[in-house]
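The values are calculated or read from the model by the stated rules, or taken from the named source; none is laboratory data. None of the values given here were measured: they were computed from a predicted structure. Don't worry about glycine lacking a Cβ; one is built from the backbone with ideal geometry, like all the others, and counts go over all protein chains shown.
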Amino acid sequence: MTDYLIRGAQLTGTDAADIVLRDGVIAEIGTGLSHAGATVVDADGLIALPGLVDLHTHLREPGYEASETILTGSRAAATGGFTTVFAMPNTSPVADTAGVVEQELALGEAAGYVRVQPIGAVTVGQKGERLAELGAMASSWARVRVFSDDGFCVFDPLIMRRALEYVKAFDGVVAQHAQDPRLTEGAQMNEGTVSAELGLAGWPAVAEESIIARDVLLAEHVGSRLHVCHLSTAGSVDIIRWAKKRGVNVTAEVTPHHLLLTEDLVRGYDARFKVNPPLRRDEDVQAVREGLADGTIDIVATDHAPHPAENKSCEWQAAANGMVGLESALRVVHAAMIETGLLTWTDVARVMSAAPARIGRLDDAGTALEVGAPASLTLYDPSPVRPFGAGDLHGLSGNSPYLGRELPGDVRWTFFRGAATVSDGVLAETMTAGAHA
């Protein structure tokens with residue numbers, strides 16, 4: 001394995017220091033360091049962040065390899081500065097058994113770009129009828145600790161209660177897609193003035209907020225951990241804030257697109273902006289930004305959702321929900337949260353690395369830049385401003401809402417367990433699991 005001497009990186013945007021990466025770990029941090037034979041990286045002006053961790057990624061394999069594979073999704077993740085991604089279970093077969101989650105873990109190790117940590121389904125086939133093999137997945141080689149039915153809300157309150165009770169045994173967490181299915185039948189966008197003008201069926205905020213309110217009360221009653229996926233409304237922020245003050249063991253995530261984009265983009269009927277939960281009002285965008293800034297919302301998660309071109313290049317109502325987001329996430333957070341003064345780079349390290357790893361109970365993900373930690377980190381250049389383009393995408397799908405939009409910053413280097421997956425802005429052509437042994 002190649003050793004690296006990183007010179008003059010800004011640690012979380014403050015003090016400049018040298019970092020030595022040796023044998024897959026951070027061996028030294030200081031000034032004026034040297035290391036014979038190491039590859040020298042000039043990091044002047046670059047911010048060193050712990051490797052980013054995404055708690056909500058769709059890798060589509062097995063079953064939907066036309067949209068993404070674990071290899072291509074891993075390459076996209078590395079390009080965006082990620083070193084760990086949690087893979088949602090909406091595959092075919094559904095990741096509801098120990099065998100499927102172990103297959104996903106093995107495919108991630110074979111790809112070698114990032115750690116792929118499977119998320120197990122809460123119910124068999126994500127059908128919401130009976131619990132999946134939660135204990136078997138937890139005790140498997142994949143050591144699953146996060147369980148979700150992904151785009152399907154666990155709507156039955158008794159099933160949700162039983163799931164919360166079950167995962168307590170191994171310190172697991174249920175990650176809920178908060179969407180009342182009855183209140184959102186046929187929904188095409190956020191319910192409000194714009195949906196009325198366009199004549200599109202609306203997705204009301206209360207459909208999200210009512211499920212969150214129910215589930216925080218269930219989590220409090222059971223004494224278990226609850227995680228709320230892609231929170232998107234001002235009312236949801238208020239409920240999570242109330243629940244945390246009450247002492248409920250709840251965490252929440254917001255996506256980059258809900259931090260930046262609004263429902264007004266739907267006016268052009270460009271299906272790249274069709275997503276679930278939908279893009280909301282500007283008031284909601286401001287509320288989720290404030291919630292992330294004050295700690296009500298714990299993390300940023302991409303909800304990276306690749307689709308083939310034919311599923312997006314069609315009329316709005318027939319188009320699939322979802323956006324790709326791994327390659328753009330850090331740049332969007334830079335625009336929405338750093339440039340507005342709402343977060344510092346230290347905060348970004350927390351909400352995009354340390355906190356998601358903690359929620360997922362990954363103690364060895366390398367989320368601290370300290371001697372002895374795994375050498376998983378990213379070097380980010382905050383200075384450039386340039387349009388996000390198709391050349392920035394490294395997965396199989398091109399359904400990014402940011403194409404042609406100017407975004408700040410650039411990921412220059414990504415290191416995963418000491419190996420450079422991105423070198424001076426160029427993605428490594430191949431990686432091997434053996435390089436990280």
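Looking at Gly391, Gly395, Gly366, Gly418, can you tell me which residue is over 24 Å from Thr262 (Cα atoms) and not assigned by TED's automatic domain parsing to the domain that holds Glu28? Steps first, please.
Values: Gly391 fails: not assigned by TED's automatic domain parsing to the domain that holds Glu28; Gly395 fails: not assigned by TED's automatic domain parsing to the domain that holds Glu28; Gly418 fails: not assigned by TED's automatic domain parsing to the domain that holds Glu28.
Answer to the check: Gly366.
Please determine whether any residue of the stretch 355-372 is outside any loop (DSSP other than H, G, I, E, B) and touching a helix residue (DSSP H, G or I) at 6+ places or on another chain (Cβ under 9 Å).
Narrowing the stretch 355-372 to residues outside any loop (DSSP other than H, G, I, E, B): 355-359.
Then keep just the ones that are touching a helix residue (DSSP H, G or I) at 6+ places or on another chain (Cβ under 9 Å); that gives none.
No, the stretch 355-372 contains no residue that is outside any loop (DSSP other than H, G, I, E, B) and touching a helix residue (DSSP H, G or I) at 6+ places or on another chain (Cβ under 9 Å).
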Please identify the pairs in which a residue from the stretch 303-324 that is in a helix (DSSP H, G or I) has its Cβ atom under 7 Å from the Cβ atom of a residue that is surrounded by 21 or more Cβ atoms within 10 Å (Cβ to Cβ) and modelled with pLDDT of 95 or more, counting only partners at least 6 apart or on another chain.
Asn311/Ala319; Trp316/Ala271; Trp316/Lys274
Restricting the first residue to the stretch 161-174 and requiring it to be part of a helix (DSSP H, G or I), which pairs with a second residue that is crowded, with 20+ Cβ neighbours inside 10 Å and basic (Lys, Arg) meet a Cβ separation below 9 Å and a spacing of at least six or different chains?
Leu164/Arg225; Val167/Arg145; Val167/Arg225; Lys168/Arg225; Phe170/Arg145
Out of all the residues in the stretch 74-81, is one or more in contact with a Ser or Thr (Cβ under 7 Å, 6 or more places away or on another chain) and farther than 21 Å from Glu429 by Cα?
no
Of the residues in the stretch 47-90, those that are touching a Lys or Arg at 6+ places or on another chain (Cβ under 8 Å), part of a loop (DSSP other than H, G, I, E, B) and crowded, with 24+ Cβ neighbours inside 10 Å come to Ser67, Glu68
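Is it the case that Ala271 is over 22 Å from the mean Cα position of the chain (by Cα), among the small types (Gly, Ala, Ser) and buried (at least 22 other Cβ atoms within 10 Å of the Cβ)? Walk me through it before giving the result.
On the way: over 22 Å from the mean Cα position of the chain (by Cα): no; among the small types (Gly, Ala, Ser): yes; buried (at least 22 other Cβ atoms within 10 Å of the Cβ): yes.
For Ala271, the condition - over 22 Å from the mean Cα position of the chain (by Cα), among the small types (Gly, Ala, Ser) and buried (at least 22 other Cβ atoms within 10 Å of the Cβ) - is not met.
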Identify all residues within the stretch 12-46 that are surrounded by fewer than 18 Cβ atoms within 10 Å (Cβ to Cβ) and among the aliphatic types (A, V, I, L, M); write none if there are none.
Ala16, Val25, Leu33, Ala36, Ala38, Val40
Select from the stretch 180-199 the residues that are buried (at least 22 other Cβ atoms within 10 Å of the Cβ) and part of a loop (DSSP other than H, G, I, E, B) and list them in ascending order.
Glu191
Taking the stretch 137-167, which residues are basic (Lys, Arg) and out of contact with any Gly (no Cβ under 7 Å at 6 or more places or on another chain)?
Arg143, Arg161, Arg162
